[in-house]
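Data block below; observations after.
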Amino acid sequence: MSSTPTSSSTADTRTIAFIGGGNMASALIGGLLRAGLAPSQLIVVDPGAEQRARLVADFGVRTLAAADATLAEAALVVWAVKPQLFKEAAAPVAPHAAGALHLSVMAGLRCDGIAAALGLAPAAARIVRSMPNTPALIGRGIAGLHALPAVSADERTWIEAVLAPTGQTLWVEQESQLDAVTALSGSGPAYVFYLVEAMMAGAQALGLSAEQGKRLALATFDGAAALAAQSPESPATLRERVTSKGGTTYAALQSLAADQVDAAMVRALQAAARRAAELGDEFGR
């Protein structure tokens, strides 16, 4: 088992391999380099010649068109391919990565399916599954994490350090809870964009331009989220503080309540969680 530092200040000379070099991998690579890792410590396997050329130009990392014995250097393998391509990608990696810690940022694929494709015994498999979201690309994301029992506390800390450039992390003890994480934060940015679109439409109906509506809506979401994050008060209390009975906010919230928007949001999350579980079943075959 590879040793891991117990402090983020400890110099880290280990090699990390990425299987897949797309947007999420690039976000992680950029963050790791800013944190002090040398480009030579990072290997990216990607079949796309243009993608490999971009990674070399942007980051100076080592790239491979296909997995080979070079991957035996890796203490950590980060899986960043599309879920439907995982089994095909895993076959040539497996012979060289049995001793590595594995981090998956692939949606839907469960730890037991990853272990099986890599030929790892479930009881000994060191796999961490992550459910990130798209704000990770600007360092403002949050990732739900689940680790198999064989993953040590130090390895959990290492995973947190690897993901730190993308935003926050939240551990869950049961892998099934990642379906809820997927429904809430994984899909969540789309809900925010949906509401922004609706507020822009409302702004136009009230005589503002689409651009004015967009600017007002985005600033409102950003400011309200920051206030809620920094305040010791609950979102419900914060809502009540800006809601005077008979006032404008009260009128708007009464309209939302009449349309059962809160119940509709709960149903939406339940639908997303069900679909996440279905995808796990599908990809696990």
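The numbers here are math on the coordinates, done by the rules we state, and not lab data. Owing to the predicted nature of the structure, the values given are computational and were not obtained by experimental measurement. Cβ sites come from the backbone with ideal geometry, for glycine too, and all protein chains shown count toward neighbours.
Observations on the structure shown:
- Backbone phi angles across the range 160-177, fed through the Karplus curve with coefficients 6.51, -1.76 and 1.60 (θ = phi - 60°), yield HN-Hα couplings of 4, 5, 4, 8, 3, x, 8, x, 8, 10, 9, 8, 10, 7, 10, 4, 4, 5 Hz in residue order; Gly and Pro are listed as x.
- Rounded to the nearest 10 degrees, the inclination of helix 23-34 to the longest alpha-carbon principal axis of the chain is 70 degrees.
- Met106, Met200, Met131 arranged by Cβ crowding within 10 Å, fewest neighbours leading: Met200, Met106, Met131
- Arranged from fewest to most other beta-carbon atoms within 10 Å of their beta carbon, Leu109, Leu71, Leu216, Leu227 become Leu227, Leu216, Leu71, Leu109.
- Karplus-derived 3J(HN,Hα), 6.51/-1.76/1.60, for each residue of the range 139-148, Hz, glycine and proline x: x, 10, x, 9, 10, x, 10, 9, 10, 6
- P(r) tail, the chain: Cα-Cα pairs separated by more than 30 Å, 39% of all pairs.
- Extension gain for the segment Leu195 to Glu173, taken as residue separation times 0.36 nm less the Cα-Cα distance, is 4.8 nm to one decimal.
- Beta-bridge orientation, the range 15-175: approximately 15 percent antiparallel, per DSSP, counting only bridges with both partners inside.
- Relative exposure of Arg129, Arg62, Arg267, judged by other C-beta atoms within 10 Å (fewest first): Arg267, Arg62, Arg129
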